[in-house]
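A short write-up of the structure that comes next.
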Amino acid sequence: MTTRWFGAPVQRVEDDRLLRGHGRFTDDIAEGALECCFVRSPHAHARITSIDVAAARELPGVLAVYTAADLPFGDVDLPLLIPHPNLTHGRTQRCLASEIVRYAGEAVAFVVAESRYVAEDAAELVQVEYEPLPVVITPEVAAAAEHLVHDDVPGNVAAEMAQEAGDVEAALAKAPRRKKLHFRYERGAA
Amino acid sequence: MKPPPFEYHAPTTVDEVCSLLGSQEDAKVLAGGQSLVPLLNFRLARPRHLVDINRVAGLDRIYQRDGGIAVQALARQAEVEDSQLVARLCPLLSAAVRLVAHRVIRNRGTVCGSLAHADPASELPAVILALGGHVIARSVRGERLIAAEQLFKGVFETALAPDELLVEAWFPELIDPYAILEESRRHGDFALAGVVRAGQHLALFGVAPTPVIADPKDPAAGLQPSGDLEASPEFRLRLVRVLTQRAFAA
Amino acid sequence: MKVNGVDHPAPTDTRRLLSDHLRHDLDLTGTHVGCEHGVCGCCTVLLDGAPIRSCLMLAVQAEGHEVTTIEGLARDGEPLHPVQQAFHECHALQCGFCTPGFVMSVVGLLAQHAKPSAQEIDEGIAGNLCRCTGYASIRRAVDRAVELKK
């Protein structure tokens, strides 16, 4: 086996054009591309009672405004791509919400325009009426299950999983010192 | 994120600026833009008129007068940072301006703009307060002097009227002792809390809706700082005590 | 306004950001857009030789000024600018998205401090974010650029 590449510094071949500003990142590709803007729910949990896109559609420079009602797949939940064996009640969202929003930021309408400037102007003209619902945003509140995020997910439990290694009780009993700490982690991916 | 529509004006004299501010409803001054343009891009600010003062000549001086340093409206923070005059006569101001964001921001941002913007977590309002300086505001109605302790009213709120342009900020000379200390998560971030010592005077920033004068012997007295993701109220109070102690240790 | 030494007509849309004007109206896509509120540094260009955030400037404000973008540092066919060369030698780029902003900021830093100390380097690059490299190689590139400029 040759050792030509091992243990020796290797210079990259792609640097020149990246350093000169000749990269081709997605937004660098013009070629007549349009730009979009999403209208998103400000509520963490709410029923959508109406969506009015008429004014947005009228704005010069706007090519289309889509809601779930305009899409053939508008009432289809997105697929669960990698179902975990412990997932008993996997739930996904729809590409555009139509009846219910379940997180602040969930997309409700999709604006396509000649420029991002116009797309944002149009997004502001979309009128969405919401009926706020009780918010369930921490694991503790979810576990208490006073309110359900999905009507068909009992107790708000999507999956149950416990992992154990060794004899925990014995190890704790033998330890010279014991410390209890409470950690809160944000979601890393959704 | 793009600015909402506005009408753009680029006057070339102070009189024109004041005339525009006086006649157009809902007008905002654009100087360095380092605070205003982000607000425009987020659409948190939606002024109907934008009065760009960058074309006004003769408004960028840094000079000595009346035992202090005068910094005009278009003097960039970087120019104040590099000024030998400021370093000699008011090194506190030199030190403070180095803590404002990053050099790239300071190349455009202005000292007067920072004072007019009045972010409670920013350094320069606390500096002018600790030094006991003043600003000069101009409008079609004339010029007036606003002392630092009258200038800051609340979060992003000053005593400036909507039709007034902050033309000059004045900082008294102070050789020593001085100190400016702040705690932030990363260099250049907004301060979680900060203290400014000017002689025996103390001003705090980041712990109240405006910069506040405090007693060096009991700096946290009466403070009710907010808590947020970055720092709890207790942590801010602790920072005030520790930083004050360090500022007055020398 | 002059961009990379070439005169261009004034932009007509007064709310167009300089970053968008450079990228979409002048086809100079080397300047990148990351945050549009001045904190990431991707959009950094030189205005009359000093680094500024092009996302925090209206294009019309650049009228009468000279703008230098990454494309203006070294012309096609010309060798790389010492800062660009240093970034290459020190493996200070991976995906390359933050790189033009870093290069312009470092050009500005070295104009301010010809031989910056470690602290001056850290403070000088602190306004630019990189998701790929972890910054150590970028720090080294600044020192290497100082050497190459001698």
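The values are calculated or read from the model by the stated rules, or taken from the named source; none is laboratory data. Predicted model, so just to flag it, every value in this text is computed and none were measured. Cβ: placed from backbone, ideal geometry, glycine included. Neighbour counts: every protein chain shown.
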Selection status of C:Gly64, of a type in the set (Gly, Ala, Ser) and on the phi > 0 side of the Ramachandran plot: yes
Selected residue (only one of C:Gly108, C:Gly64 is touching a residue at least 60 places away in the same chain (Cβ under 8 Å), more than 21 Å from A:Arg12 (Cβ to Cβ) and not in a helix (DSSP H, G or I)): C:Gly64
Lone qualifier among B:His201, B:His187 - being of a type outside the set (D, E, K, R), within 16 Å of B:Ile128 (Cβ to Cβ) and surrounded by fewer than 22 Cβ atoms within 10 Å (Cβ to Cβ): B:His201
Any chance B:Pro216 is modelled with pLDDT of 95 or more and buried (at least 23 other Cβ atoms within 10 Å of the Cβ): no
Test: residue in segment B:156-170 that is under 26 Å from B:Val56 (Cβ atoms) and in contact with a His (Cβ under 6 Å, 6 or more places away or on another chain): yes
B:Gly194 being surrounded by 20 or more Cβ atoms within 10 Å (Cβ to Cβ), modelled with pLDDT of 95 or more and either in contact with a Phe, Trp or Tyr (Cβ under 9 Å, 6 or more places away or on another chain) or assigned by TED's automatic domain parsing to the domain that holds B:Gln34 (or both): yes
Candidates B:Gly142, B:Gly154 - the one that is surrounded by fewer than 18 Cβ atoms within 10 Å (Cβ to Cβ), touching a Pro at 6+ places or on another chain (Cβ under 6 Å) and not assigned by TED's automatic domain parsing to the domain that holds B:Val196: B:Gly154
Residue selected from segment B:21-55 under the condition assigned to a helix (DSSP H, G or I) and more than 11 Å from chain C (Cβ to nearest Cβ), by the criterion surrounded by the fewest Cβ atoms within 10 Å (Cβ to Cβ): B:Ser23
Filter result for A:Phe73 (part of a strand (DSSP E or B) and among the aromatic types (Phe, Trp, Tyr)): no
Positions within segment B:179-213 being closer than 26 Å to C:Cys40 by Cα and out of contact with any strand residue (DSSP E or B) (no Cβ under 8 Å at 6 or more places or on another chain), in sequence order: B:Ser184, B:Arg185, B:Arg186, B:His187, B:Gly188, B:Asp189, B:Phe190
Any hit, segment C:73-87, residues being assigned to a strand (DSSP E or B) and at pLDDT 95 or above: no
Sole exception among (1) buried (at least 19 other Cβ atoms within 10 Å of the Cβ); (2) touching a Phe, Trp or Tyr at 6+ places or on another chain (Cβ under 9 Å); (3) within 16 Å of C:Cys40 (Cα to Cα) for C:Arg131, by number: (1)
Residues located in segment C:73-98, provided they are at the interface with another protein chain (Cβ under 8 Å from one of its Cβ atoms) and free of Cβ contacts under 8 Å to residues at least 24 places away in the same chain: C:Ala74, C:Asp76, C:Leu80, C:Gln84, C:His88, C:Gly96
A:Leu18, sole failed condition from (1) part of a loop (DSSP other than H, G, I, E, B); (2) at pLDDT 95 or above; (3) closer than 30 Å to C:His88 by Cα; (4) among the hydrophobic types (A, V, I, L, M, F, W, C): (1)
Of the criteria (1) in contact with a Pro (Cβ under 8 Å, 6 or more places away or on another chain); (2) within 13 Å of chain B (Cβ to nearest Cβ), which one C:Val146 fails: (2)
Any hit, segment A:161-180, residues being more than 30 Å from C:Arg23 (Cβ to Cβ), assigned to a loop (DSSP other than H, G, I, E, B), touching a residue at least 40 places away in the same chain (Cβ under 8 Å) and of a type in the set (D, E, K, R): no
Given (1) more than 22 Å from C:Thr29 (Cβ to Cβ); (2) within 14 Å of chain C (Cβ to nearest Cβ); (3) surrounded by 14 or more Cβ atoms within 10 Å (Cβ to Cβ), index of the condition A:Ala68 fails: (2)
Residue satisfying condition, being more than 30 Å from B:Met1 (Cβ to Cβ) and either surrounded by 11 or more Cβ atoms within 10 Å (Cβ to Cβ) or of a type in the set (Gly, Ala, Ser) (or both), within set A:Ala97, A:Ala144: A:Ala144
Search result, residues across segment C:1-50 that are away from chain A (no Cβ under 14 Å) and part of a strand (DSSP E or B): C:Lys2, C:Val6, C:Asp7, C:Leu47, C:Ala50
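Determine if segment B:85-97 includes at least one residue that is more than 14 Å from chain C (Cβ to nearest Cβ), closer than 27 Å to B:Ala208 by Cα, free of Cβ contacts under 8 Å to residues at least 40 places away in the same chain and of a type outside the set (D, E, K, R).
Checked against the condition, which is being more than 14 Å from chain C (Cβ to nearest Cβ), closer than 27 Å to B:Ala208 by Cα, free of Cβ contacts under 8 Å to residues at least 40 places away in the same chain and of a type outside the set (D, E, K, R), segment B:85-97 yields at least one hit.
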Residue within segment C:61-70 that is within 8 Å of chain A (Cβ to nearest Cβ), at pLDDT 95 or above and under 16 Å from the mean Cα position of the chain (by Cα) present: yes
So A:Arg24, is it of a type in the set (Lys, Arg), under 30 Å from C:Thr31 (Cβ atoms) and assigned to a loop (DSSP other than H, G, I, E, B): yes
